[in-house]
Amino acid sequence: MQALEQEIKKLVIETLNLEDLKPEDIDPAAPLFVEGLGLDSIDALELGLALQKAYGVALASDSKENRRHFASVRALADFVSAHRKS
Amino acid sequence: MAERIAIEHLLTQGRPADFPVAFREGQVLTFADFEARASGWRAAFEGHTGQRFALYFEDTFEFAAALLGAWHAGRCVYLPAEVQPTTRERLRLQVDGFAGQIPSSTKLLKFQQGAPRTQWAPLSSEAQALVVYTSGSSGEPAAIPKQLGQLTREVATLADLFDARLGSDTGAGRVLATVSHQHIYGLLFRVLWPLTSGRPFLARSLPYPEDIVAELTHGPAALIASPAHLKRLPDTLDWASVRGNLRSVFSSGGPLPGDALHACRELLGQAPVEVYGSSETGGIAWRQRARDEALSWRTMPGVEVRLTDDALAVRSAHLPDGGWLQTEDRARLLPEGFELLGRMDRLLKLEEKRVSLSAMERALLESDLVREARVVPLSEGNRLTLGVVAVLGPTGRYLHADSGKHFLNQAIRKHLASQFEPSVLPRRFRYLEAMPVNAQGKSTEAALVALFDSRRPPLRVLEQTADRAVLSIETPASLPYFKGHFPEKAILPGVAQIEWALQLGRELFTLPPEFLRMEAVKFQQLIVPGTQLTLELTWTQAKGSLQFKFTSEAGTHGSGRILLGEVRG
C-alpha cells in the first residue's frame, strides 16, 4: 500500500504541476483540498482523469462518494487498490 | 537652422551633397552618401518580389537609407524590436523578405552595389508604410500598421515643439540616442525628426553612460533616452565638464521615476523632456519637470483627449482615422492637460471566474512578503492558471531561507485568500533578485512567462557586473532534458549546457544576434540529476566571446566559448 501511496503522490505532483513539492512533503493522511494542499474542484477533475488513465478506475457519479475518495492520498490509494483493473 | 523637409519630399527636394546626415566613427556621412545608399536599397527591394519586408539594423544610418529605399520602392516596412528566434518565426509568416542583420535568414535582401542613379518621386502620405509592434508588457506584441502621413504629421509636431531646444546653428546639434530605432519612439526621435529638420545623428547607439560622456566632449548634442538608461547614470563620471554641450534630453517608453529625475537634474543639469505616448497612439503629451515633481502633462498640438470610464482616450492626426482611441491609462483632466493615475486593471477569466491581475499585484505589494510582483497567466495543459514573479521583501526572504519555497508559496496564497477566491490563487512562483527588463526597460509578459518554462532550470544570480555573472543552478530530475537521455542513466546533454549558457547570457548581457561558432568546448564530467551547479559567464565584447564554465563540488563539468557577432546587411 505504501508503494501505491508513493505512486499516487507522484501522480498528484505531476498532474497538477506542483513543482515546489516532493512526494515526501505530502502527508498521506492530510486533506488534499482547501486547507491541506489547497487543491480545488478543477484539480479534482484533472486528478480523476489521471487516475482513470493510470489505473483504469472510474469515479462514481455520486459526489459525496467522490469527496470521500479524494479526502487524502491514503483514501485515494484505498480507492485505487479496491477498484483498479490493471 | 537647416530647412525643414517632410520625409515625403526628402529625396526629391534633396539637400546639398555635402550636408551632414550622420556620423559614424568620426566620419561624416553626407546627403550624397545617404542618397547613394537609399538608391542601392531601393534597387534591392525592387529586385525582390513581395510587398512586406522586415528591417533590422544595428546601424541607424544604414537603417534610415534602407527605410527610405523600401518606401521609394513602394514597400511596407515591418519593424521588429528584436530578432530572437520566436520573433523571427512569427515574422516569417507575415513578411516576404528581410533586410539587415537578421540571423540565419532565408529571403535576406542584398544591398545593390552600383545600382544606377535613381529618379526619385515624392512619397504618398497615404502609403501603407510601416508596421510596428507594441512592447508586449501586457500580452503578445500586437502589430500596428501606420500610414506614412501619420508618421510625418507627428514629426512635424515634434519639430514645432522641440526644434528650438536643439539650437539654431546649422548642423551643430547632433542627435545621440540610447534607444533603438527599431521602436516607434527611436524611429521618430532619432531618425525621422533629424532627417526632417536637418540634424545630423550618430549612426550607432550609446548603450553605456561612458559613451555618452565621450560623445558629448565632441560638441553640442541632444540625447534621446529612456528611463531604463536615465535611472542608471553613474555619478562617478565627469558629467560636469560635458553637460554644457547637452542641449536637451528626451525620455519616453515608460514613466520616469523620481530618483531618475533627480539624477538627471543633478548630473545632467537639466530635467528631461518626458514624452507620453504609445505605439498605437504616437505622442500624446509632454512635460519637463524642471522644479515641480507633479507637473501635469501638456497635450501636444493637434491631439485631443477625453476620459472614457476614467481612462484616457485620444484623437489626433497621428492616428489612422478620425476616431477616438482608448488607452489603458487612468487619468484626470486638468485645464492645461492631464494627470496620469496608473494603468487600468488587467482583467482575465479563469475557469469562468473574472480576476483582476492588477488588483492581485496590488494586494501582493501590501504584504511585506514581496517588494515587486507581477502576475502572469500561464496555460498548462487545458487549464489557465496564474503565476507570480516576485522580488522578495524582508519577510519573504526570511521565510524562503528558513522554511523553504513551498512554505513561502503557501504564505503568499494565504495572504491573497482574503481577497480572492481559492480557484484563482496563483499556483506557480518564481522569486528573482530583479525583474527581467528589456532594452526599453520593460518587463514583457513573454520574458516573465519564459521563467516558467520547464526547460529552464531553477537558478539564482549570485553576482553580476557588466561583463561577468555567477549563477547557482539546480538540476532536478524533472527537467525534460533528462528524459530518455539516457534511459538507463540520466545525464544532462552537453547541448543543454550550451543552450543555458547562451540563453542566460542573453538575459544578463546585451549580446549580438548571430551565433557564429564555438571554441574550446569541453565536457569533462557528467551532470546527473540533483547536481548543484555554479555557472560562470564572462562576456568579452571586443572579441564577441561568451565564455561559460559549469562547476560543482566535484570540479569542472563543462566549459567553452560561444562566439557571437553581427551579420552585415
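Quick note: the coordinates plus some simple rules give every number you see, no bench work behind them. Here the structure is a predicted model, which means the values were calculated and not measured. Using ideal geometry, Cβ is built from the backbone for each residue, glycine included, and neighbour counts are taken over all protein chains shown.
On average, how many beta carbons from a partner chain sit within 10 Å of the beta carbon of a residue in B:419-425?
Details: counts 0, 0, 1, 6, 5, 1, 2.
Rounded to a whole number, the mean comes out at 2.
For B:VAL437 and B:LEU365, what does the FRET efficiency come to when R0 = 22 Å and r is the distance between their Cβ atoms, rounded to the nearest 0.05? It would help to have the intermediate numbers written out before the result.
Details: r = 18 Å, r/R0 = 0.82.
E(calc), rounded to 0.05, equals 0.75.
Ranked from highest to lowest mean number of other Cβ atoms within 10 Å per residue, what is the order of the peptides B:68-77, B:448-457, A:10-19?
Working: B:68-77: 22.7, B:448-457: 15.5, A:10-19: 18.4.
Most protected by this proxy first, the peptides run B:68-77, A:10-19, B:448-457.
Where in the stretch B:1-52 are there GluC sites (Glu not before Pro) that are in a DSSP coil and have at most 16 other Cβ atoms within 10 angstrom of their Cβ? Numbers along the way, then the final one.
Details: sites: B:GLU3, B:GLU8, B:GLU25, B:GLU35, B:GLU46; in loops: B:GLU3, B:GLU25.
Within the stretch B:1-52, the qualifying GluC sites (Glu not before Pro) (loop, at most 16 other Cβ atoms within 10 Å) are B:GLU3, B:GLU25.
When every alpha-carbon pair in the stretch A:2-83 is counted, what percent end up more than 16 Å apart? Don't jump to the answer; show the numbers that get you there.
On the way: 1479 of 3321 pairs.
Above the 16 Å cut-off, the stretch A:2-83 has 45 percent of its Cα pairs.
Within a Cβ distance under 11 Å of B:LEU237, other residues only, what is the Lys/Arg minus Asp/Glu net charge? Don't jump to the answer; show the numbers that get you there.
Values: positive: B:ARG243; negative: B:GLU210, B:ASP211, B:ASP235, B:ASP238.
Around B:LEU237, the charge tally is -3.
Can you give the Rg to Rh ratio for the stretch B:345-452, taking only C-alpha atoms and Rh from Kirkwood?
Values: Rg = 13.3 Å, Rh = 14.1 Å.
Rg divided by Rh gives 0.95.
Where does chain B land at 222 nm, in deg cm²/dmol rounded to the nearest 500, when only DSSP H runs of n ≥ 4 count, each adding -39500 (n - 2.57), divided by all residues? Mind dumping the intermediate values first?
Values: 14 runs with 133 residues, N = 569.
Value at 222 nm, helices only: -6500 deg cm²/dmol.
Once the Cα gyration tensor of chain B is diagonalised, what are the square roots of 5 times its eigenvalues, in whole Å and ordered largest first, as equivalent ellipsoid semi-axes? Before the final figure, lay out the partial values.
Details: eigenvalues 334, 184, 114 Å².
Here the semi-axes work out to 41, 30, 24 Å.
Note down the net charge around B:PHE429, summing +1 for each Lys or Arg and -1 for each Asp or Glu among other residues with Cβ under 10 Å from its Cβ. Let's see the in-between values first.
On the way: positive: B:LYS405, B:ARG413, B:ARG427, B:ARG428, B:ARG430; negative: A:GLU19, A:ASP20.
Taking every other residue near B:PHE429 into account, the sum is +3.
How are the alpha carbon pair distances in the stretch B:116-262 distributed across 5 Å bins from zero to the largest one, expressed in percent?
Pairs per bin, as whole percents: 2, 8, 16, 20, 19, 15, 10, 6, 3, 1, 0.
Output ³J(HN,Hα) for the stretch B:18-31: one whole-Hz value per residue in order, computed from phi by the Karplus curve 6.51 cos²θ - 1.76 cosθ + 1.60 with θ = phi - 60°, and x for Gly and Pro.
Once rounded to whole Hz, the list reads 9, 5, x, 9, 7, 10, 9, 6, x, 8, 7, 9, 8, 5.
Around B:GLU280, with a cut-off of 14 angstrom between Cβ atoms, what is the net charge of the other residues, counting Lys and Arg +1 and Asp and Glu -1?
Working: positive: B:LYS146, B:ARG315; negative: B:GLU154, B:ASP321, B:GLU328, B:ASP329.
In short, -2.
Where a Cα-Cα gap under 28 Å defines reach, which lysines qualify for B:LYS231, not counting those fewer than 8 residues away within the same chain?
Qualifying lysines at Cα under 28 Å: B:LYS442.
Fewest first, what order do B:LEU55, B:LEU195 take by the number of other Cβ atoms within 10 Å? Mind dumping the intermediate values first?
Working: B:LEU55 27, B:LEU195 24.
Sorted ascending by nearby Cβ count, the order is B:LEU195, B:LEU55.
Over the alpha-carbon set of the protein assembly as shown, divide Rg by the Kirkwood Rh and report the Rg/Rh ratio to two decimals.
Details: Rg = 28.3 Å, Rh = 27.9 Å.
My calculation puts Rg/Rh at 1.01.
Spin-label point model (7 Å from Cα, Cβ direction): what's the B:GLU210 to B:VAL28 distance in nm?
Between B:GLU210 and B:VAL28, the simple spin-label model gives 3.0 nm.
Rounded to the nearest 0.05, what FRET efficiency is calculated for B:THR556 and B:THR510 with R0 set to 25 Å and r the Cβ-Cβ distance? Could you put the intermediate results ahead of the total?
Details: r = 27 Å, r/R0 = 1.09.
Using R0 = 25 Å, I get an efficiency of 0.35.
Take every Cα-Cα pair in the stretch B:456-569 and report what % of them are more than 16 Å apart.
Values: 3739 of 6441 pairs.
Cα-Cα pairs in the stretch B:456-569 separated by more than 16 Å: 58 percent.
How much length is gained if the chain between B:GLU351 and B:GLN503 is pulled fully straight, taking 0.36 nm per residue apart and subtracting their Cα-Cα distance, in nm to one decimal?
Numbers: separation 152, 0.36 × 152 = 54.72 nm, distance 3.35 nm.
Difference between extended and current length: 51.4 nm.
Hey, got the average number of other protein chain Cβ atoms within 10 angstrom for residues in A:17-24?
Numbers: counts 10, 4, 11, 10, 3, 2, 0, 0.
Per residue, the average neighbour count from other chains is 5.
Would you please put B:216-229, B:553-566 in order of how densely packed they are, using the mean number of other Cβ atoms within 10 angstrom per residue and starting with the highest? Intermediate values should be presented prior to the final figure.
On the way: B:216-229: 20.9, B:553-566: 16.9.
Descending mean neighbour count gives B:216-229, B:553-566.
Quick one: work out Rg over Rh on the C-alpha atoms of the stretch B:414-523, Rh as Kirkwood radius. Kindly include the intermediate steps, with their values, before the conclusion.
Values: Rg = 17.2 Å, Rh = 16.8 Å.
Reported Rg/Rh, Kirkwood definition of Rh: 1.03.
B:LEU462 to B:ARG90: extension gain in nm, 0.36 nm per residue of separation minus the Cα-Cα distance?
130.5 nm
In what sequence, highest mean first, do B:519-529, B:386-396 appear when ranked by Cβ atoms within 10 angstrom? Display every interim value, and only then the final one.
Details: B:519-529: 14.3, B:386-396: 19.2.
Peptide ranking by packing, descending: B:386-396, B:519-529.
For labels at B:LEU563 and B:ALA121 in the simple 7 Å Cα→Cβ model, what's the distance in nm?
Rounded to a tenth, the inter-label distance reads 4.8 nm.
Let me see the P(r) profile for the stretch B:515-569: every Cα-Cα distance counted, bins of 5 Å, each bin given as a percent of all pairs.
5, 19, 24, 19, 14, 10, 5, 2, 1, 0
Would you mind classifying the stretch B:1-101 by shape? Square roots of the alpha carbon gyration tensor eigenvalues, ordered a ≥ b ≥ c; an a/c under 1.5 is rounded, otherwise it is prolate if a/b is larger than b/c and oblate if not.
On the way: a/c = 2.43, a/b = 1.69, b/c = 1.44.
Prolate.
If I model a spin label as a point 7 Å beyond the Cα along the Cα-Cβ vector, how far apart are those points for B:LYS543 and A:ASP27 in nm?
Reported label-point gap for B:LYS543 and A:ASP27 is 5.7 nm.
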